[in-house]
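Step one of this worksheet: look at the structure below.
The values are calculated or read from the model by the stated rules, or taken from the named source; none is laboratory data. Just so we're clear, the structure is a prediction, and the values are computed from it rather than from any experiment. Backbone-built Cβ (ideal geometry, glycine too); neighbour counts: all protein chains shown.
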Amino acid sequence: MVEIRFHGRGGQGAASACTIYADAAFRGGKSVQAFPMYGVERRGAPVQSFVRLDDSPIRARHNIYTPDHVIALSETLMNTVDCTAGIKAGGTLTINTDKSVEQIKKERGLDGDYKIFTVNATKIAVELGLGSVTSPIVNTAMLGAAARVTGTADIKLLMECVAEAAPSKPEKNAEAAKETFEAIKV
Amino acid sequence: MKKVLTGNHAVSYGAMIARAEVVAAYPITPQTQIVEKLSEMCADGDLDARFIKVESEHSAMAACIGASASGARAFTATSSQGLALMDEMLHWASHARLPIVMANINRSLGPPWTIWTDQNDTISRRDTGWIQFYCESNQEVIDTMIMAFKIAEQVKLPAFLTLDSFYLSHTSEAVELPDQKLVDEYLPKYQAETDLDPTKGSPAYGSLTTDQWYFELQIKMQRAMEQAYDVILKENDLFKKVFGRSYLPVEGYRTDDADYVVFVSGTIASTIKDAIDRARENGIKVGSAKVRLFRPFPKTMIREMAKGRKRLGVIDRNISYGSEGAFFTEIKSALYSQSEHPEIHGFIAGLGGRDVTVDSAYEMIRLVVETSPEKDINWQGAKL
Amino acid sequence: MAKNKYFVEIKSIDDLPMMAKTMGSMMVNETGSWRNVYPVVDKDACTRCGICWKFCPDVVISEDADGYPVFNLDYCKGCGVCANECPKSCIAMIEEGK
């Protein structure tokens, strides 16, 4: 079983991201389970969401404490939330940032047993006109990154799910996922 | 057709496929998506139902009572404070013998204000005369929605099904949508026993009854609950034939040769299976028994499940203050008349949404296997 | 309850309906047995205005062939509202038995 944890701020789409990702993995034949960790609902508040993927039916129904992969939709979130909590040895951490892996590793002292990936999802979202410049919708871009880094969802299926779920600009949102998927080197 | 759905949407699809005719509900976290989806379905013409926007949960149940008494298949959904607000009407619906179906998202009661899960909201309504199901997966939710109408309409008692808040209500997983044609064959149109047509000289319902006959009316209601148990088993057999899925009132997991059995309900029944597998790998002969049906309480199956075990455990995600966990009480009571009285642990876990992980479940299994119970209440996962 | 033509006898639990509902009709409840006084109209003073009929809370007033009020004494509770409302004060409330 693979456990993925998304971190974001309310309004960035971390909650909907988990469902879209699970749907894509489901269409690829996996058993899936996804849910947001509910908290105080307001823009900017830290939110987490969880995805479990497996070949056999998933029975565990609780929060994810030892994720294999973590996706952080916002770098500044890491000032208040420890997004690295519990990452399994050999896991991954993908961060939305304009900084390089080395830079962010140094700045934040991220020296645990996990591989770090960075992608400028904000830039991609702004270029594609997703959300506003002050509040870009980065979740669809980060979903593409998740697919690439974790290798658990097919990008075409993911783009399909993103387009279906997007309340507006379905093609641009799917495009965002594709761009980040191709931008990341694993 | 399989679709990834949240528990809430599984309820909505269930109401749609079961062809609910009147939906009257008031929004409350974490149930809101049920009602939003249903109103979309009505607006899109996918559900041919009258959607009544009421001003409170008390009104929601009152509207369902009126609708059901008039011959419409009525449905509502609520949670926690909303369920508490409609309490008076819950008793009315059951005493009036109206087959209303309700989905309740198990959310803890305030104060303090909370939106996370435990079973106290429905457990504290156990005496209302409603048939009560506790679900562990979204598939079970949609299937139970359909069966609940069929069962309720045969015995003329209302029925509710529960979903843990967030761990089912907001959890997306793949659900097989039952085929509409098969559901239409399985679930015929509702025929009301009551008739409120004034042109047919309709009688008055529910008016003053002296001590001469009130008692006997309640006996009839209890008999209906007893009959409901047989109907539930019969309907489960039929559902299995038509749709290929079965949900027994008490269902064992790896209990055939188990020395120890832990009784569970709700999503803990799902989570504990991973812990049971782990225990089995460590050579421990333990199984879990999910109690899906709370009213009528499945005494016979509990007795069967408890036979020949070295020790038992019960995990309650609720508490009756001043006593103990509700499933614990009911299970011990069912076993009282038996010749075997194995030791039985009572755990209370997960109140107010305190997470119950595979590790927590494993710890409770370990206590059942390795220790004798000292107290009736064993708090698990609390900061003491 | 009076054992009139509306009376439905319940001998045992098996005769009971599934839920509380009136067996037959509420006409079985002959509320006339509740009263101490009953109304009598002075036909010489009565103008047949119908106000007494309008106000009777139990709908026990009907008209005879000439339009004068007739009181159904099986159900009249003797509340006296008709006498109180009559603009000609021509309804008297007489003690039962007199």
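Only one of (1) under 12 Å from the mean Cα position of the chain (by Cα); (2) at pLDDT below 95 is not met by B:THR114, so which one is it?
Only one criterion is unmet by B:THR114, namely (1).
How many of the residues making up the stretch B:248-265 are closer than 20 Å to B:PHE294 by Cα and either among the aliphatic types (A, V, I, L, M) or touching a Ser or Thr at 6+ places or on another chain (Cβ under 7 Å) (or both)?
Total satisfying the criteria: 6.
Take B:PRO188 and decide whether it is under 25 Å from A:PRO57 (Cβ atoms), more than 14 Å from chain A (Cβ to nearest Cβ) and part of a loop (DSSP other than H, G, I, E, B).
On the way: under 25 Å from A:PRO57 (Cβ atoms): no; more than 14 Å from chain A (Cβ to nearest Cβ): yes; part of a loop (DSSP other than H, G, I, E, B): yes.
When the stated conditions are applied, B:PRO188 does not pass them.
Only one of these conditions is not met by B:LEU233: (1) assigned to a helix (DSSP H, G or I); (2) closer than 23 Å to B:LYS332 by Cβ; (3) more than 13 Å from every other protein chain (Cβ to nearest Cβ). Which number is it?
(2)
Can you pull out every residue in the stretch B:1-53 that is of a type in the set (S, T, N, Q), free of Cβ contacts under 8 Å to residues at least 60 places away in the same chain and within 14 Å of another protein chain (Cβ to nearest Cβ)?
Of the stretch B:1-53, the ones of a type in the set (S, T, N, Q) are B:6, B:8, B:12, B:29, B:31-33, B:39.
After this cut, where a residue has to be free of Cβ contacts under 8 Å to residues at least 60 places away in the same chain as well, the list is B:12, B:32, B:39.
Scanning the stretch B:1-53 gives a single hit, B:THR32.
Which residues, taken from the stretch C:28-57, are without any contact (Cβ under 8 Å) to a residue 40 or more places away in the chain and either part of a strand (DSSP E or B) or within 11 Å of chain B (Cβ to nearest Cβ) (or both)?
C:ASN29
Looking only at the stretch C:77-95, filter to residues that are over 12 Å from C:VAL40 (Cβ atoms) and charged (D, E, K, R); which one of those is surrounded by the most Cβ atoms within 10 Å (Cβ to Cβ)?
Checking each candidate, the answer is C:LYS77.
Pairs please, first residue from the stretch A:50-65 and at pLDDT 95 or above, second anywhere and among the polar types (S, T, N, Q) and in a loop (DSSP other than H, G, I, E, B), Cβ atoms under 6 Å, 6+ apart in sequence or on different chains.
A:LEU53/A:THR152; A:HIS62/B:THR357
Quickly run through the stretch A:70-96 and pick out the residues that are modelled with pLDDT of 95 or more and over 20 Å from A:TYR38 (Cα atoms).
A:ILE87, A:LYS88, A:ALA89, A:GLY90, A:GLY91, A:THR92, A:LEU93, A:THR94, A:ILE95, A:ASN96
Which of the numbered conditions does C:VAL8 fail, given that it passes all the others? Conditions: (1) under 30 Å from B:TRP92 (Cβ atoms); (2) part of a helix (DSSP H, G or I).
(2)
Any chance you could count how many residues in the stretch A:1-20 are hydrophobic (A, V, I, L, M, F, W, C), within 27 Å of A:PRO136 (Cβ to Cβ) and within 12 Å of another protein chain (Cβ to nearest Cβ)? Walk me through it before giving the result.
Step one: filter the stretch A:1-20 for residues hydrophobic (A, V, I, L, M, F, W, C), giving A:1-2, A:4, A:6, A:14-15, A:17-18, A:20.
From what is left, the residues that are within 27 Å of A:PRO136 (Cβ to Cβ) are A:4, A:6, A:14-15, A:17-18, A:20.
Now restrict to residues that are within 12 Å of another protein chain (Cβ to nearest Cβ): A:15, A:17-18, A:20.
Residues meeting the conditions: 4.
Which condition number does A:PRO167 fail, the rest of (1) crowded, with 19+ Cβ neighbours inside 10 Å; (2) modelled with pLDDT under 95 being met?
All conditions pass for A:PRO167, except number (1).
Consider B:VAL356 against the criteria (1) within 14 Å of another protein chain (Cβ to nearest Cβ); (2) within 30 Å of B:LEU157 (Cβ to Cβ); (3) of a type outside the set (Gly, Ala, Ser): it satisfies all of them except one. Which criterion is unmet?
(2)
Just to confirm my filter: which strands (runs of 3 or more DSSP E) fall fully inside the stretch A:21-85 and include at least 3 residues that are within 25 Å of B:ARG354 (Cα to Cα), touching a strand residue (DSSP E or B) at 6+ places or on another chain (Cβ under 8 Å) and within 11 Å of another protein chain (Cβ to nearest Cβ)?
Working: elements: A:31-37, A:46-54, A:69-72.
The strands (runs of 3 or more DSSP E) meeting that bar are A:31-37, A:46-54.
Residues that are closer than 20 Å to B:SER169 by Cα and of a type in the set (A, V, I, L, M, F, W, C): find the strands (runs of 3 or more DSSP E) completely inside the stretch B:13-110 holding 1 or more of those.
Working: elements: B:22-25, B:50-53, B:74-79, B:101-106.
By residue number, B:22-25, B:74-79, B:101-106.
Provide a single number: the residues in the stretch B:83-112 that are more than 16 Å from B:LEU163 (Cβ to Cβ) and within 14 Å of another protein chain (Cβ to nearest Cβ). Spell out the reasoning first.
To start, the set of residues in the stretch B:83-112 that are more than 16 Å from B:LEU163 (Cβ to Cβ) comprises B:84-100, B:109-112.
Then keep just the ones that are within 14 Å of another protein chain (Cβ to nearest Cβ); that gives B:91-100, B:112.
Summing the residues that are more than 16 Å from B:LEU163 (Cβ to Cβ) and within 14 Å of another protein chain (Cβ to nearest Cβ) in the stretch B:83-112 gives 11.
Here's the yes/no breakdown for (1) surrounded by 23 or more Cβ atoms within 10 Å (Cβ to Cβ); (2) within 25 Å of B:LYS220 (Cα to Cα); (3) at pLDDT 95 or above; (4) under 17 Å from the mean Cα position of the chain (by Cα):
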position: B:LYS37; (1), (2), (3), (4): no, no, yes, no
position: B:GLY71; (1), (2), (3), (4): no, yes, no, no
position: B:PHE75; (1), (2), (3), (4): yes, yes, yes, yes
position: B:ALA84; (1), (2), (3), (4): no, no, yes, yes
position: B:LEU98; (1), (2), (3), (4): yes, yes, yes, no
position: B:ILE105; (1), (2), (3), (4): yes, no, yes, yes
position: B:GLN119; (1), (2), (3), (4): yes, no, yes, yes
position: B:SER124; (1), (2), (3), (4): no, yes, yes, yes
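Would you check which residues across the stretch B:304-316 are crowded, with 22+ Cβ neighbours inside 10 Å and part of a strand (DSSP E or B) and list them?
B:LEU312, B:GLY313, B:VAL314, B:ILE315, B:ASP316
Could you list all residues from the stretch B:250-303 that are more than 17 Å from B:ILE123 (Cβ to Cβ) and part of a loop (DSSP other than H, G, I, E, B)?
Answer for the stretch B:250-303, where residues must be more than 17 Å from B:ILE123 (Cβ to Cβ) and part of a loop (DSSP other than H, G, I, E, B): B:ARG254, B:THR255, B:ASP256, B:ASP257, B:ALA258, B:ASP259, B:ASN282, B:GLY283, B:ILE284, B:LYS285.
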